[in-house]
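Beneath this line is the structure, given in structure tokens, with notes to follow.
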Amino acid sequence: MKQGTENTRVILSKRSMQACLTFTLFWAWEATLVYAPLLHQPGGNLSLFWTISNYGGMFVCAIAMAFSKRTQRLVSSRFFRPSIVAFLEVGTLVAVLPSITGAPNALSLGALGGCCWAVGIILMDLQLVNVLLGVANPYTRRIAVMLGMIFHLLLYLLVDNLPYGVILAFAFLMPLLAGISAKSEPLPALASLKKGSEGRETPQPPNGFFGWVRSLRTTAHVPSSMLFAFFVISLSINFIRNTAIDKLGVEEAFSGSVYISLTVLLIVAASAAEVVFTAKRKGTVIPLAAIVYSTAAIVIIYAFPKNDTFILPLVFAGFFLYVTVFYRVAADAAIEHKDHFVPTVIAVFLSNSLGLSAGAFIENLLRSVVGFDYSPVFMALAYLLFVAGSQIVAFGKVSILPKSIMTKPEPAQDVSASRASLGDLLNEACSSLARANGLTAREEDALRLMVRGRKLQSIAEEMCVSTNTAKSHTRHVYQKLGVHSSEELFDLVERKSESGQSC
């Protein structure tokens, strides 16, 4: 599709509204369960619950990667969404059990709740990204995620000011509603090992834990530099957040209308800047906004150490902004690699989970061993890491085209072909067919999307046109190329790319 200002139009559709609703419900549930003070019972085993859930998330990611093919089939099955709801509801029950009974959590229950929470959240993350795949326009996907982040804070602001019984009802109701709204299309099976027409092997799927580690670069279609940046950002921002909370001495770090309202305003300001800059094709401004907020928070921490009114909203606004980046990058990378959906998405969230856990661990260790005297030095180091990781994200680019076949080149004459990407082959074949058959520029755009298996609604959204206009373009493509079905169209493009149209 040709680049232009039309790509920055927000296409309101059922899919985009559904994605926004699902994000809103899921994140409002998590904020309620984590931060609502009425649901926390002093003396309960909440620390064990969170510890197990944090580190359990990394274990669940590793299991999902090790069994990618089965996980990918599970995501497309009709049992997936009920399984998500079941795990989240059990985790919710165990988390709020002390506040219901007035008695501390038993050790076994805390462990059970943490495990269910970890499994449920990773499964929901997979489903959230899968829901985003139904939003074809990348700009619309970005706006849907950011609106979901804003709406979830507004919903949590409402819930946080309600009586205990109503908050409790919301805590159990929102996972169910999120599961109902998180509808998505089935995913293709994980790509299998096969040889191409010239004997080259396509990247094989992971086989066991060490298998996916070795093949991570060819199965997870996210640059290694971006994954490293996510790890660094998560580590540093969680370290900064926990340090700020400990220095302020607040037990409920994110509760109260003032904190939540200011956080909403900060995210709205960053979102507005993102809309304006992206519409002018200036790139993303979210990393810069997160740096500005984090810088302001650190300055206030040391200049006005007890001013929690501004410190906490600034810290949490920076944290929530990067959550939107994780989802957006995962969706952008997975949209063209649905056959490697699980490895691609899990790689993003595993790097995030590793960073969050490492940041929390380092902060707890330093606080218990050194005390708060460590704060300025390590805060400065964390800040530098945060800025460095943000620069990688701001100037990095996620490859959304199929990667070239990753094998050793065989004959010398095949070197150039081995470096060519499948995307270039398809584009060249489509361009050749368009020139030979008199397709217009818009019909050529439609052809490129059709050969990638896009449905009519997705073609309309990505081309920023109505469904009727997209239908007209596809009909003209069939007529001018002399084909009558998608199978005939695919065969024609394949023959064209094999007849000497090299990339």
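The values are calculated or read from the model by the stated rules, or taken from the named source; none is laboratory data. As the structure is a prediction and not an experimental result, all values here were calculated from the model. Every residue, glycine as well, gets a Cβ built from its backbone with ideal geometry; the counts of neighbours run over all protein chains shown. Accessible surface areas use protein heavy atoms only, side chains included; no ligands, DNA or RNA. Shrake-Rupley method; radii C 1.70, N 1.55, O 1.52, S 1.80 Å.
Data for the structure
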quantity	calculated
Per DSSP, loop trypsin sites (Lys or Arg not before Pro) in the stretch 300-374 with at most 16 further Cβ within 10 Å	306
Pairwise label distance in nanometres, residue 172 with residue 435, each label 7 Å out on the Cα-Cβ vector	6.7
Where 431, 466 fall by accessible area, highest first, once all protein chains stay in place (1.4 Å)	466, 431
Accessible area per residue in Å² at 1.4 Å probe, computed on the stretch 268-399	40
Restraint check, 183/338; 14/480; 14/338; 455/496; 69/183, Cα-Cα greater than 28 Å	14/480
